[in-house]
Amino acid sequence: MGGKVYVVGIGPGGEEQLTPQARRAMERADVLCGYTVYIDLVRPLFPDKETYTTPMTRERERCRWAMETARAGRTVAMLCSGDAGVYGMAGPVAQLAPEFPEVELEMVPGITAALSGGAVLGAPLMHDFCVISLSDLLTPWEKIENRLLCAARGDFSICLYNPSSKKRADYLRRACGILLREKGPETVCGWVRNIGREGQERRVLTLAELREETVDMFTTVFIGSSTTQALEGWMVTPRGYEAKA
């Protein structure tokens, strides 16, 4: 009889943003599996727990190891930052499920960066919004560009994941240039770095200013809609309660 794989969203990394359900899944697991950085974030909570790590770009290998280990009768917690179903491992693990019918699978939700970062800035996502990753490792840049343009034309608030890296240093600037075709330069924007971790930083600024910013992979970027406001340092997108009243 096979074991079980929990695919666990651990949130932004701080212990206080780890859900009780996620903590229980890790407590029940025989081994914690994940990208090295994610294992390091929870290691102080489970110092004696067995771990299995792989570096970035070895995601499929990690998922298969988890399923094979569970097929042998063990319980594995596959860790993902934020929510496991938002750019996490829930999809790749579920795609392997038909090969491992004896393995029980459970997805454990977590707080994704759009929500935890939005809370730091105020209320940037109060109305309809889109989440778009600027990483072109798995998605062609042409498709990302089209999605940015469509979101801007729809006047959505937009949350950008993976806005920059050493190999993609100018991607945020390029994205802002695309958005500026449809959005005004004074559009309210914001970014949060190291959400829920030591050294957390935030800034509210305009789209024109954002275009000149230098950010990294630990930063989540928010671009407002036409109604988003900067109020006493907060980024707020009204939902329309005033008009209804």
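Could we say that Y6 is among the aromatic types (F, W, Y) and either part of a strand (DSSP E or B) or on the phi > 0 side of the Ramachandran plot (or both) here? For Y6, the condition - among the aromatic types (F, W, Y) and either part of a strand (DSSP E or B) or on the phi > 0 side of the Ramachandran plot (or both) - is met. Close contacts from region 17-30, counting a first residue that is touching a residue at least 40 places away in the same chain (Cβ under 8 Å) and a second that is open to solvent by 70 Å² or more (accessible area, probe 1.4 Å), with Cβ to Cβ under 7 Å and a gap of 6+ residues or different chains, come to D30/E50; D30/R74. All of I195, I144, I178 fail the test of being open to solvent by less than 20 Å² (accessible area, probe 1.4 Å), of a type in the set (V, I, T) and at pLDDT below 95, apart from I195. Candidates are the residues of region 113-131 that are touching a strand residue (DSSP E or B) at 6+ places or on another chain (Cβ under 6 Å) and not small (G, A, S); the one that is surrounded by the most Cβ atoms within 10 Å (Cβ to Cβ) is P124.
Within the option set E182, E232, being in contact with a helix residue (DSSP H, G or I) (Cβ under 9 Å, 6 or more places away or on another chain) and among the charged types (D, E, K, R) holds for one residue only, E182.
When L125, L137, L96 are checked against the criterion of being modelled with pLDDT under 95 and among the aliphatic types (A, V, I, L, M), a single residue qualifies: L137. When E59 is tested against (1) closer than 20 Å to A97 by Cβ; (2) surrounded by fewer than 16 Cβ atoms within 10 Å (Cβ to Cβ); (3) not basic (K, R), only condition (2) is not met. Take the conditions (1) open to solvent by 50 Å² or more (accessible area, probe 1.4 Å); (2) among the aliphatic types (A, V, I, L, M); (3) in contact (Cβ under 8 Å) with a residue 60 or more places away in the chain; L45 misses just one of them, which is (3). The residue that is nearest to M126 (Cα to Cα), among those in region 206-228 that are in contact with a Phe, Trp or Tyr (Cβ under 8 Å, 6 or more places away or on another chain) and hydrophobic (A, V, I, L, M, F, W, C), is F222.
Of the candidates I111, I144, I132, the single residue that is touching a Lys or Arg at 6+ places or on another chain (Cβ under 7 Å) and closer than 23 Å to M89 by Cβ is I132. E102 passes every criterion in (1) free of Cβ contacts under 8 Å to residues at least 40 places away in the same chain; (2) farther than 26 Å from P238 by Cα; (3) open to solvent by 40 Å² or more (accessible area, probe 1.4 Å); (4) out of contact with any strand residue (DSSP E or B) (no Cβ under 8 Å at 6 or more places or on another chain) apart from (1).
Yes or no, residue by residue, for (1) touching a strand residue (DSSP E or B) at 6+ places or on another chain (Cβ under 7 Å); (2) of a type outside the set (A, V, I, L, M); (3) closer than 22 Å to R168 by Cβ:
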position	(1), (2), (3)
V192	yes, no, yes
I195	yes, no, yes
R203	yes, yes, yes
T206	yes, yes, no
L210	yes, no, yes
T220	yes, yes, yes
S226	no, yes, no
W234	yes, yes, no
R239	no, yes, no
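The values are calculated or read from the model by the stated rules, or taken from the named source; none is laboratory data. In this text, all values refer to a predicted model and were calculated from it rather than measured experimentally. Positions of Cβ are backbone-derived with ideal geometry, glycine not excepted, and every protein chain shown enters the neighbour counts. Accessible surface areas use protein heavy atoms only, side chains included; no ligands, DNA or RNA. Shrake-Rupley method; radii C 1.70, N 1.55, O 1.52, S 1.80 Å.
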